[in-house]
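Following: one structure in C-alpha cells, then a few remarks.
The values are calculated or read from the model by the stated rules, or taken from the named source; none is laboratory data. No experiment lies behind these values; they were computed from the predicted model shown. Cβ atoms come from the backbone with ideal geometry, glycine included; neighbour counts cover every protein chain shown.
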C-alpha cells in the first residue's frame with residue numbers, strides 16, 4: 001500500500017491523556033479557597049486571619065498554590081473598598097445587592113486584573129467566570145464575565161489593545 005492509497009494504514013499519533021475532570025491546577029484551587037474565604041468575610045466581616053486559618057483546615061488545601069491563595073484572600077479583603085468602587089462603575093446595582101458568591105468572584109477577578117499584572121487579563125476573567133460557574137447561581141457566571149470585561153477594558157487597556165493589534 002502506498003501513502004497515497006486511502007486504504008493505507010496511517011501512523012498512529014499519540015494523543016495526550018485527557019485531563020481528569022477532578023484534575024485542577026494549584027492556582028485554580030487557590031482561587032477556589034480564596035473565594036470561600038472572601039465569601040465568609042463578606043457574610044460576617046470576621047478577622048481575615050481567622051478566616052485564613054479556617055480555610056487552611058479544609059480538605060484539599062494542601063494541593064493549592066498557598067502563595068497565590070494568600071495574595072488573593074488578603075489582597076481582596078485589604079483592598080475591598082477600592083475593588084468595590086471599581087465594580088460600582090460597571091454594575092447595574094449597588095455592590096451590597098450582589099449575591100455574595102458573585103461578589104466574591106468579582107472581587108477576586110478584579111483584584112487579579114488590578115494587582116496581578118503577570119496574569120493575562122483573559123485568564124483572570126476566565127478563572128473568575130469558572131468560580132461563578134462552580135459555586136454560583138445558574139447564570140451568575142455571565143454577569144461576572146460581563147462586569148469583568150468592563151473592568152479589564154479600564155484596568156488592562158494597553159494589554160487589550162496589544163492583543164487586538166496582534167490579531168489585525
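Going by the structure shown, is residue 40 without any contact (Cβ under 8 Å) to a residue 60 or more places away in the chain and either outside any helix (DSSP H, G or I) or within 22 Å of residue 102 (Cβ to Cβ) (or both)? Let's see the steps before the verdict.
Details: without any contact (Cβ under 8 Å) to a residue 60 or more places away in the chain: yes; either outside any helix (DSSP H, G or I) or within 22 Å of residue 102 (Cβ to Cβ) (or both): yes.
Yes: the conditions hold for residue 40.
Within the range 75-90, track down each residue that is under 24 Å from residue 140 (Cα atoms) and assigned to a helix (DSSP H, G or I).
Of all residues in the range 75-90, those under 24 Å from residue 140 (Cα atoms) come to 75-77, 79-90.
Passing the criteria: 75, 76, 77, 80, 81, 82, 83, 84, 85, 86, 87, 88.
Select the helices (runs of 4 or more DSSP H) contained entirely in the range 105-168, then report the ones holding at least 2 residues which are at pLDDT 95 or above, in contact with a helix residue (DSSP H, G or I) (Cβ under 7 Å, 6 or more places away or on another chain) and buried (at least 23 other Cβ atoms within 10 Å of the Cβ).
Details: elements: 121-135, 140-155, 157-167.
Of the helices (runs of 4 or more DSSP H) lying wholly inside the range 105-168, those with at least 2 residues that are at pLDDT 95 or above, in contact with a helix residue (DSSP H, G or I) (Cβ under 7 Å, 6 or more places away or on another chain) and buried (at least 23 other Cβ atoms within 10 Å of the Cβ) span 121-135, 140-155.
Any idea which of 58, 93 is farther than 14 Å from residue 35 by Cα and outside any helix (DSSP H, G or I)? Give the steps one after another, and end with the answer.
Numbers: 58 fails: farther than 14 Å from residue 35 by Cα.
Just one listed residue meets the conditions, 93.
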